[in-house]
Amino acid sequence: MSMVDSFEKIPVQIFSTPKDGSRYVAAQIAELIKQKQAENKPCVLGLATGSTPISLYAELVRMHKEEGLSFKNVVSFNLDEYYPLEKEAFQSYYSFMHRHLFNHVDIDPKNIHIPDGELPKDEVKAHCEAYEQSIKDAGGIDLQILGIGNNGHIGFNEPGSSIFSKTRLINLDNSTRISNSHEFQNITKVPRLALTMGISTILSAKRIALMAWGMKAPIVARSVEGQVTEQVPASILQQHNNCEFVVDETAASELTRIKSPWLTGEIEWTPKIIKRAIVNMALKLKKPILSLTSVDYTENGLGDLLVEKGDVYELNLQVYYMLRDSITGWPGGKPNAVIPRHPERSEPYPKRCLIFSPHPDDDIISMGGTFMRLHDQGHDVHVAYQTSGNIAVTDEFVTRFLDFAVGFEDMFGIDNHKSQTILKDARDFIATKKKNQMDTAEIRAIKGLIRRCEAKATCKYVGLGDNNYHFMNLPFYETGTIEKKPMGEEDVQITMELLRKLKPQQVYCAGDLADPHGTHKVCLDIIFEAIRRIKAAGDEWLKDCWIWLYKGAWQEWDIADIEMAIPMSPDQVMKKRYGIFIHQSQKDMVPFQGSDNREFWQRAEDRNANTAELYSQLGLSKYAAMEAFVRWHY
């Protein structure tokens, strides 16, 4: 048994991207389907929903259309369904499965089984028992696909679910409802109940593949490396004899082999790994870097580092200097200065800086202090708002601003017949708007205008001119629904055009893959693809362009990974807060808030203050707040 196996009690396959991981699982499913076809037997699949398996189902659809993979012998059983919820509701898992898979392959509708969220409550128990019997009658599940919740739930088996539980009606944990609220606009519309296969039902599957992407790292580590406990339902999968976790690099980041590889066997002690090891040790021991001793090293698994590299004092200094040199008040580089270890180049000065903002407020929320400092230090700063953000505006804001438009025209004697008609139509539509109904094109346009005006006002607040903000309105986002299209060719071309027009020396973009809607990830992929194509074309300006990644409202970089930290004074923190306040449509109760109830300004301030506190704990100067960046090398 390897040292990794001694930590990981479930096999884990790690892939660079969710798409790569999804291809791996899809290939296993395809192989199983074909094997069963050759044996003239049905292939019984247990299927999951949510954002995690979307790329898996897209790959299966592709294999059906391009490679002739047939689903005629497939019998499917879905894990769960909200209750009560109509089948045709956009958020229902019945609708989800047909939209993403069943409508695009040749599966026999009679072979599709999904818990029924429309039944009267007095019929639910019998339905659940019948569902269990249907699984048994089909010969049991050959391969069960799972996702995982942030609290470790599998299916909707919340913490505390019994290992002996079967298909049943359950109460959803509030954290699950908050996490899933992005599908329903806000928490009040998320059902409080759900039908779910039980843990015993899941464990009866012959094989299990659990997929996890992005921000699931802490719970993946607890499930794979922690003790088996019903408080972390996914940890019970350790008792299955044919289970595998399939994760991307972000979701794997808390595994011991990734976070502390020196504990799992011999490694190459690169400067990056040395920094991570010593920073983690110092934080664990609550000691400044320069106070660490040889006893600390040997008692915390770093004895091999001492053997290879020698002196403790020199190692401490090496890491202390790495941290010190990442701190700068000059994000664009300090002009007329030669600072060899500075995160950014002094020349050219001033730089043309381009900040990509996935939504019309990520610039000020995620890097507002740096944004303002770049402008104040004389750089030519541009902001590119990648999407309209129009779905994240409440209906009340639409009628409020239309009411203002009507009143404004009336006040100044302008014919407001047209605006009155638009206001009336909007009120009538909103008054009769059905749950999950898409807004009209006019209302979507108004919501986009509201966010565009807020973004313009933020740029004016910072000091940018009218030619320095750009609204890209990338097509992948403009579906009018929560669910977006994949990255498309037009998205890449629009991005390449702007990059080639501005020829920036610095680019900032959101590397925050924990955004619950996935928009940040698509926006980042579009930028990366545009940069790759421009590089392949040999554009000279790109050779002098550095790309910095910031995190968004959802999380921060690990301190051991930070390559540039921009300190902020208390006054600068307040100035950033007021800039965030400009986005009034995103204050108070925000649509699609995700699992964090705090307002965006609170999240940003807490995150920035925490980064500063960590630097201070490690023995560096104490600042009020810090914004953090990691450089992407293309």
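The values are calculated or read from the model by the stated rules, or taken from the named source; none is laboratory data. Bear in mind that the values here come from a model prediction, so they are computed numbers and not experimental data. Please note: Cβ atoms are built from the backbone with ideal geometry, for glycine as well, and neighbour counts cover all protein chains shown.
When you check G552 against the structure, is it in the same structural domain as E613 (by TED's automatic domain parsing), under 30 Å from S326 (Cβ atoms), surrounded by fewer than 22 Cβ atoms within 10 Å (Cβ to Cβ) and within 14 Å of the chain's Cα centre (by Cα), yes or no?
Against the criterion (in the same structural domain as E613 (by TED's automatic domain parsing), under 30 Å from S326 (Cβ atoms), surrounded by fewer than 22 Cβ atoms within 10 Å (Cβ to Cβ) and within 14 Å of the chain's Cα centre (by Cα)), G552 does not qualify.
Hey, does the stretch 118-131 have a residue that's without any contact (Cβ under 8 Å) to a residue 24 or more places away in the chain, within 27 Å of K485 (Cα to Cα) and out of contact with any His (no Cβ under 9 Å at 6 or more places or on another chain)?
No: zero hits.
Mind listing whichever residues of the stretch 252-306 are in contact (Cβ under 8 Å) with a residue 24 or more places away in the chain and aromatic (F, W, Y)?
Passing the criteria: W262, W269.
Evaluate the stretch 342-350: report whether one residue or more is closer than 30 Å to K484 by Cβ, within 29 Å of the chain's Cα centre (by Cα) and part of a loop (DSSP other than H, G, I, E, B).
No, every residue in the stretch 342-350 fails to be closer than 30 Å to K484 by Cβ, within 29 Å of the chain's Cα centre (by Cα) and part of a loop (DSSP other than H, G, I, E, B).
Mind listing whichever residues of the stretch 502-532 are modelled with pLDDT of 95 or more, in a loop (DSSP other than H, G, I, E, B), of a type outside the set (S, T, N, Q) and surrounded by 22 or more Cβ atoms within 10 Å (Cβ to Cβ)?
P504
Looking only at the stretch 496-545, which residues are within 23 Å of I364 (Cβ to Cβ) and of a type in the set (G, A, S)?
A510, G511, A514, G518
Just the residues that are under 30 Å from the mean Cα position of the chain (by Cα) and touching a residue at least 24 places away in the same chain (Cβ under 8 Å), please, taken from the stretch 401-440.
K433, K435, N436, M438, D439
Conditions first: (1) within 15 Å of I145 (Cα to Cα); (2) without any contact (Cβ under 8 Å) to a residue 40 or more places away in the chain; (3) of a type outside the set (K, R); (4) out of contact with any helix residue (DSSP H, G or I) (no Cβ under 8 Å at 6 or more places or on another chain). E66 passes all but one, so which condition is the exception?
(1)
If we keep just the residues of the stretch 33-58 that are in contact with a Lys or Arg (Cβ under 8 Å, 6 or more places away or on another chain) and touching a residue at least 40 places away in the same chain (Cβ under 8 Å), which is farthest from T17 (Cα to Cα)?
My answer is P42.
Name, by its number, the condition in (1) part of a loop (DSSP other than H, G, I, E, B); (2) in contact with a Lys or Arg (Cβ under 9 Å, 6 or more places away or on another chain); (3) among the charged types (D, E, K, R) that does not hold for E266.
E266 satisfies all of (1) part of a loop (DSSP other than H, G, I, E, B); (2) in contact with a Lys or Arg (Cβ under 9 Å, 6 or more places away or on another chain); (3) among the charged types (D, E, K, R) except (2).
Could you tell me whether the stretch 187-208 includes any residue that is of a type in the set (G, A, S), assigned by TED's automatic domain parsing to the domain that holds K136, part of a helix (DSSP H, G or I) and touching a helix residue (DSSP H, G or I) at 6+ places or on another chain (Cβ under 6 Å)?
Within the stretch 187-208, not a single residue is of a type in the set (G, A, S), assigned by TED's automatic domain parsing to the domain that holds K136, part of a helix (DSSP H, G or I) and touching a helix residue (DSSP H, G or I) at 6+ places or on another chain (Cβ under 6 Å).
Please enumerate the residues belonging to the stretch 217-258 that are outside any helix (DSSP H, G or I) and in contact with a Phe, Trp or Tyr (Cβ under 8 Å, 6 or more places away or on another chain).
Across the stretch 217-258, the qualifying residues are V246, V247, D248, E249, T250, A251, L255.
With the checklist (1) farther than 23 Å from L464 by Cβ; (2) in a loop (DSSP other than H, G, I, E, B); (3) charged (D, E, K, R); (4) modelled with pLDDT of 95 or more in hand, flag the one item D325 doesn't pass.
It is condition (2) that D325 fails.
Which residue out of P360, P343 is at pLDDT 95 or above, in contact with a helix residue (DSSP H, G or I) (Cβ under 8 Å, 6 or more places away or on another chain) and surrounded by 23 or more Cβ atoms within 10 Å (Cβ to Cβ)?
One residue alone meets the criteria, P360.
Examine the stretch 3-20 for a residue that is touching a Lys or Arg at 6+ places or on another chain (Cβ under 7 Å) and among the β-branched types (V, I, T), and state whether such a residue exists.
Scanning the stretch 3-20 turns up at least one residue that is touching a Lys or Arg at 6+ places or on another chain (Cβ under 7 Å) and among the β-branched types (V, I, T).
How many residues does the stretch 555-582 contain that are over 24 Å from the mean Cα position of the chain (by Cα) and among the charged types (D, E, K, R)?
Number of matching residues: 2.
Pick from the stretch 387-400 the residues that are touching a residue at least 60 places away in the same chain (Cβ under 8 Å) and assigned to a helix (DSSP H, G or I): which of them is farthest from I355 (Cα to Cα)?
F397
Restricting attention to the stretch 560-574, does a residue exist that is surrounded by fewer than 20 Cβ atoms within 10 Å (Cβ to Cβ), at pLDDT below 85 and part of a loop (DSSP other than H, G, I, E, B)?
no
Report yes if I135 is aliphatic (A, V, I, L, M) and outside any loop (DSSP other than H, G, I, E, B), otherwise no.
yes
Out of the strands (runs of 3 or more DSSP E) lying entirely within the stretch 1-87, which hold 2 or more residues that are surrounded by 21 or more Cβ atoms within 10 Å (Cβ to Cβ), assigned by TED's automatic domain parsing to the domain that holds Q238 and on the phi < 0 side of the Ramachandran plot?
Result: 43-47, 74-78, 80-83.
Suppose the filter is within 22 Å of L143 (Cβ to Cβ), assigned by TED's automatic domain parsing to the domain that holds K189 and in contact (Cβ under 8 Å) with a residue 12 or more places away in the chain; does S92 pass it?
no
Only one of (1) closer than 21 Å to W632 by Cα; (2) crowded, with 19+ Cβ neighbours inside 10 Å is not met by G329, so which one is it?
Checking G329 against (1) closer than 21 Å to W632 by Cα; (2) crowded, with 19+ Cβ neighbours inside 10 Å, the one that fails is (2).
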